[in-house]
Structure formats: structure tokens, C-alpha cells
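Input: a single structure, listed below in C-alpha cells.
The values are calculated or read from the model by the stated rules, or taken from the named source; none is laboratory data. Just so you know, these numbers come straight off a predicted model, no measurement behind them. A quick note on method: Cβ atoms are made from the backbone with ideal geometry, for glycine too, and the neighbour counts reach across all protein chains shown.
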Amino acid sequence: MDRIKITGGQRLNGTIPISGAKNAALPLMIAALLTPDRLTLKNVPNLADVMNLGRILRNHGVDFSIAGKRPGQAEMQGETFHLTARDIVDTTAPYEMVSKMRASFWVLGPLLARCHEARVSLPGGCAIGTRPVDLHLDGLRALGAQIDLEDGYVVAKAPGGLTGGHIIFPKVSVGATHNVLMAAVLAKGETLIENAAREPEIGDVANCLVKMGAKIDGINTATLRIEGVPYLEGAVHTVLPDRIETGTYAMAVAATGGEVLLEGARADLLEEALDVLEKAGVSIERTNHGIKVAKNGQDLQPVDVETRPYPGFPTDLQAQLMALMTRVPGRSRIRETIFENRFMHVQELARLGAKISLEGDTATITGVPQLRGAQVMATDLRASASLVIGGLMAQGDTIINRVYHLDRGFERLEQKLERCGAQITRLSE
């Protein structure tokens with residue numbers, strides 16, 4: 001099993017190209033199930049989760065191919081995917097596939113909308129909380145689906161097709177919004193979704209669906225109004241840049257010092273996180289080429305943050321911010337309001353010498369003068385990134401185990417950091 005070795009203490013200087021957003025690429029790939037025509041997606045990141053989803057879609061009958069690089073294209077430019085679901089050959093998403101990644105559960109809505117039936121295993125993914133699928137199922141029931149749970153599978157049927165309905169989510173759910181939105185575009189009549197998640201990745205999927213012929217009003221708001229259509233066509237769509245990768249590298253620069261251009265990043269996708277960094281004393285410059293991040297030569301200031309649904313501070317950057325704050329003089333507080341089990345990285349940061357106390361859903365970080373390298377273990381995707389930031393700051397060598405988590409969500413992380421001066425190496429056994 002691969003590990004990553006980091007020798008800390010190096011400043012980061014240079015340019016890091018930002019990849020396409022994993023959290024948009026996955027549902028965009030799933031949207032291919034809604035049409036027999038070809039869907040072409042550009043700027044798709046080369047990630048383990050993306051390739052796993054490709055295998056799942058092939059199981060349903062999707063013709064999935066990756067276009068070769070054109071002459072002159074940079075190595076770190078995203079891939080171009082071609083997906084054609086001319087015939088759905090299987091409406092079952094089996095446990096051995098879905099258990100590996102939670103987002104694959106989102107095939108339920110498109111399969112049900114197009115084929116009027118689906119059998120999908122209950123999901124897996126990072127162990128960061130219970131994250132029940134009740135909101136997904138209630139939303140699909142509101143569209144007329146008959147749903148049963150049998151032996152760990154969701155069995156859904158809509159013999160006459162789905163019909164428009166009124167869904168009011170009791171709490172914001174990115175996954176449920178994706179699933180119900182994709183189902184609703186082929187439902188008969190109008191669907192109204194209230195308290196929908198507003199994450200930019202949902203807006204990206206909605207914009208792609210509109211290119212395919214869907215009728216959606218209220219994109220990027222909490223209220224989505226969908227007028228169902230009988231048929232969607234193919235389209236060409238470019239995946240938006242990854243705001244979580246952007247925020248992660250911004251925090252890495254803040255932690256180590258230096259100046260880095262996050263090339264292709266869009267500041268409008270993570271304004272709250274950038275505001276927090278600026279309050280902490282990080283220099284953030286929004287440019288036409290991306291975001292330039294620099295530590296301004298002064299000690300950083302502690303911050304108090306609560307994770308919130310978009311446009312609030314993202315839960316997917318909570319662990320990385322915590323790592324950054326471990327060496328900031330004073331006390332910082334981070335309250336996690338999204339996932340109840342997302343502090344598993346705390347004990348691993350403590351192995352590097354961090355001083356963090358937990359009380360309920362709040363972590364209090366007391367800055368220490370120095371971290372020291374150690375053996376640590378990644379527990380989930382975003383926790384892995386926090387350990388990388390910790391290792392970049394620490395004196396000596398840090399060895400991060402179970403880095404397959406990183407490969408699920410960060411494209412060419414070692415190469416991108418090494419180009420900017422980090423001493424980071426993958427150790428393969």
C-alpha cells in the first residue's frame with residue numbers, strides 16, 4: 001500500500017494548476033444515463049473515484065472512453081470523457097461497486113427516470129458520519145416512485161414514469177438535490193424543489209442538463225423549478241474548477257509561507273473560505289489567471305469558524321484549516337455542523353505535536369511553536385489533505401499511510417507540490 005513521505009520546512013513558490021471539480025465531475029458523468037446521445041465532458045480530473053464511477057457506468061451499459069491528449073496539451077490539463085448510454089443494459093448497481101464510493105448512489109434518480117426502475121445498493125464512501133439516504137428516497141417518492149428496501153438494496157419503480165412533485169427538503173443535502181434534480185428533468189409536469197443545496201457543483205450539473213435540453217429555473221438558488229421533458233440530447237460541457245482543491249493548496253501556502261498562483265481557480269466559488277484566510281492574515285489576490293496566495297510576512301491570527309452549507313465555510317475544508325491553525329499563536333475554534341464524525345484527523349495531527357481539544361461538535365486549537373514529523377494514518381479524503389499540510393509545516397519527516405484516500409480526490413498532489421518546492425515523495429511497496 002502506497003505511503004507519502006514529506007520532509008517539512010520548505011516554502012512553496014510557483015504555480016499550481018487547479019483540476020476540474022471531483023464533486024461536479026461525478027454527477028455530470030451520471031447524467032449521461034439520462035440520454036441515449038453522447039455526453040462529452042472536458043476538464044475531468046484523473047482520480048480514483050472518477051475511474052471507479054466509470055466502471056459502474058459501464059456496468060449499466062454506458063460506452064465510456066477517454067480522449068487522448070492533443071499535441072501541446074499540458075500534462076496536468078484535465079481529461080476529456082465521452083459517455084454514451086444508448087441502451088441501459090442493467091438497472092442494478094451492485095453492492096461491490098456502490099460500497100466503494102457514496103456518489104455512485106446517485107445513479108438511482110437517472111435510472112428510475114429513464115428506465116422506470118432501479119435497484120441500487122445502499123452506499124459506502126468515507127466514514128465521516130451516518131449520512132442517511134432518507135432525503136433521496138422521500139424526494140423520489142414525491143415524484144411518484146414506489147420504493148422498498150430489500151437486503152441492503154433500494155428497489156425503486158415508477159411503472160408509468162415519474163411525475164412532477166413538490167419537494168421541501170427538511171435540511172440541505174447535496175446528494176439528495178443531485179438525485180432528485182436528475183430524476184425530475186424527465187418527469188412529466190413541473191417539479192418544485194425547495195431548500196435545495198446551492199453548492200456550485202450542483203449549478204454546474206444543472207447548467208449541463210440545460211445544455212442537454214432540460215428546463216430548469218432557479219439555478220444556484222435554494223428553489224429549483226423543473227419542467228420535465230420527454231427526451232434529453234447530448235452535449236459538450238467543461239467541468240468547473242475544484243474549489244476544495246483550491247482551498248487546500250491556499251492553506252498549504254499559508255502554512256509554509258511563500259507565494260503561489262492557483263492557476264484556473266475561481267474565487268467566486270469559495271469566497272467564505274478566502275475571507276477566513278484573509279482574516280487570518282493571508283494575502284489573497286484575485287486575478288484573471290486564478291488566485292495568487294501569499295503569506296504576508298507576519299504571524300497569522302487565530303480564527304473562529306463554523307462549517308455551513310454553501311455559501312458558508314465548507315466542511316470539506318475544515319480539516320485543512322485545522323492543520324493550518326495548529327501553529328498559529330493563540331486559540332482558534334472550529335465548529336463542525338455538517339458531519340457528526342468528522343474530527344478523526346485530530347488524533348493524527350496530535351501525533352505531529354498539535355494541541356487540539358474536542359468538546360461535542362467544536363474543536364479548540366491552541367497554536368504551538370513547532371510540529372514534528374511522525375508516522376500518521378489518513379482516515380478519510382479531506383483528513384488526508386490536513387496531514388499533508390501538517391507534514392509540510394513539521395520539522396523532519398512525516399510518513400502518511402493509507403494515501404489511497406488522497407488519490408480519490410486530489411489529482412497529482414505530489415507533483416503539484418513538488419513543482420513548488422515541497423520535498424514530497426510517494427513510497428510504493
Qualifying residue in the range 258-270 (condition: more than 26 Å from Cys208 (Cα to Cα), among the acidic types (Asp, Glu) and touching a residue at least 24 places away in the same chain (Cβ under 8 Å)): yes
Failed item, numbered, when Gly78 is tested on (1) surrounded by 16 or more Cβ atoms within 10 Å (Cβ to Cβ); (2) at pLDDT 95 or above; (3) touching a Ser or Thr at 6+ places or on another chain (Cβ under 8 Å): (2)
Which listed residue, of Ile365, Ile338, Ile356, is at pLDDT below 95 and of a type in the set (A, V, I, L, M): Ile338
The range 95-119: number of residues that are modelled with pLDDT of 95 or more and of a type in the set (A, V, I, L, M, F, W, C): 8
Sole exception among (1) under 30 Å from Gly9 (Cα atoms); (2) outside the structural domain of Leu321 (by TED's automatic domain parsing); (3) among the aliphatic types (A, V, I, L, M) for Leu224, by number: (1)
Some residue of the range 317-326 being in contact (Cβ under 8 Å) with a residue 12 or more places away in the chain and among the hydroxyl-bearing types (Ser, Thr, Tyr): yes
Wholly enclosed strands (runs of 3 or more DSSP E) of the range 1-113 bearing at least 2 residues within 24 Å of the chain's Cα centre (by Cα) and farther than 21 Å from Lys416 by Cα: 38-44, 63-67, 79-84
Residues within the range 138-193 that are among the hydrophobic types (A, V, I, L, M, F, W, C), touching a His at 6+ places or on another chain (Cβ under 7 Å), farther than 11 Å from Ile226 by Cα and not in a loop (DSSP other than H, G, I, E, B), tallied: 2
Qualifying residue in the range 153-164 (condition: at positive phi, modelled with pLDDT under 95 and more than 20 Å from the chain's Cα centre (by Cα)): no
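Matching residues to (1) out of contact with any Asp or Glu (no Cβ under 7 Å at 6 or more places or on another chain); (2) at pLDDT 95 or above:
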| residue | (1), (2) |
| --- | --- |
| Met1 | no, no |
| Leu12 | yes, yes |
| Pro17 | no, yes |
| Ala25 | yes, yes |
| Leu34 | yes, yes |
| Lys42 | yes, yes |
| Asp49 | yes, no |
Complete set of residues in the range 283-320 that are in a strand (DSSP E or B), out of contact with any helix residue (DSSP H, G or I) (no Cβ under 9 Å at 6 or more places or on another chain) and over 18 Å from Ala267 (Cβ atoms): Asp304, Glu306
Considering residues of the range 185-197 that are farther than 17 Å from Leu162 by Cα and buried (at least 21 other Cβ atoms within 10 Å of the Cβ) only, the residue farthest from the chain's Cα centre (by Cα): Ala196
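For the range 327-337, which positions are within 20 Å of Leu387 (Cβ to Cβ) and in a loop (DSSP other than H, G, I, E, B)? Steps first, answer last, please.
Step one: of the range 327-337, the residues within 20 Å of Leu387 (Cβ to Cβ) are 327-328, 332, 334, 336.
Within the range 327-337, Arg327, Val328, Glu336 qualify.
Between Pro314, Pro200, Pro302, which is under 30 Å from Gly8 (Cβ atoms), modelled with pLDDT of 95 or more and under 16 Å from the mean Cα position of the chain (by Cα)?
Answer to the check: Pro314.
So is Gly367 closer than 21 Å to Val276 by Cβ and crowded, with 17+ Cβ neighbours inside 10 Å or not?
yes
Can you tell me which residue is nearest to the chain's Cα centre (by Cα) among those in the range 374-389 that are part of a helix (DSSP H, G or I) and within 22 Å of Ser428 (Cβ to Cβ)? Spell out the reasoning first.
As a first pass, look at the range 374-389 and keep what is part of a helix (DSSP H, G or I): 381-389.
Remaining after also requiring within 22 Å of Ser428 (Cβ to Cβ): 381, 383-385, 387-388.
Working: Leu381: 9, Ala383: 13, Ser384: 14, Ala385: 13, Leu387: 18, Val388: 18 Å.
Ranking the candidates gives Leu381 first.
Looking at the range 96-126, which of the residues that are of a type in the set (Gly, Ala, Ser) and within 12 Å of Asp49 (Cβ to Cβ) is surrounded by the fewest Cβ atoms within 10 Å (Cβ to Cβ)? So that I can check it myself, show each step before the final result.
Looking only at the range 96-126, we keep the residues that are of a type in the set (Gly, Ala, Ser), and these are 99, 103-104, 109, 113, 118, 121, 124-125.
This time we only want the ones that are within 12 Å of Asp49 (Cβ to Cβ), so: 103-104, 124-125.
Values: Ala103: 24, Ser104: 26, Gly124: 16, Gly125: 19.
Ranking the qualifying residues of the range 96-126, first place goes to Gly124.
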Residue match in the range 239-253 (condition: more than 20 Å from the chain's Cα centre (by Cα) and outside the structural domain of Arg86 (by TED's automatic domain parsing)): yes
Selection within the range 212-224 - within 12 Å of Asn195 (Cα to Cα) and touching a residue at least 24 places away in the same chain (Cβ under 8 Å): Thr221, Ala222, Thr223, Leu224
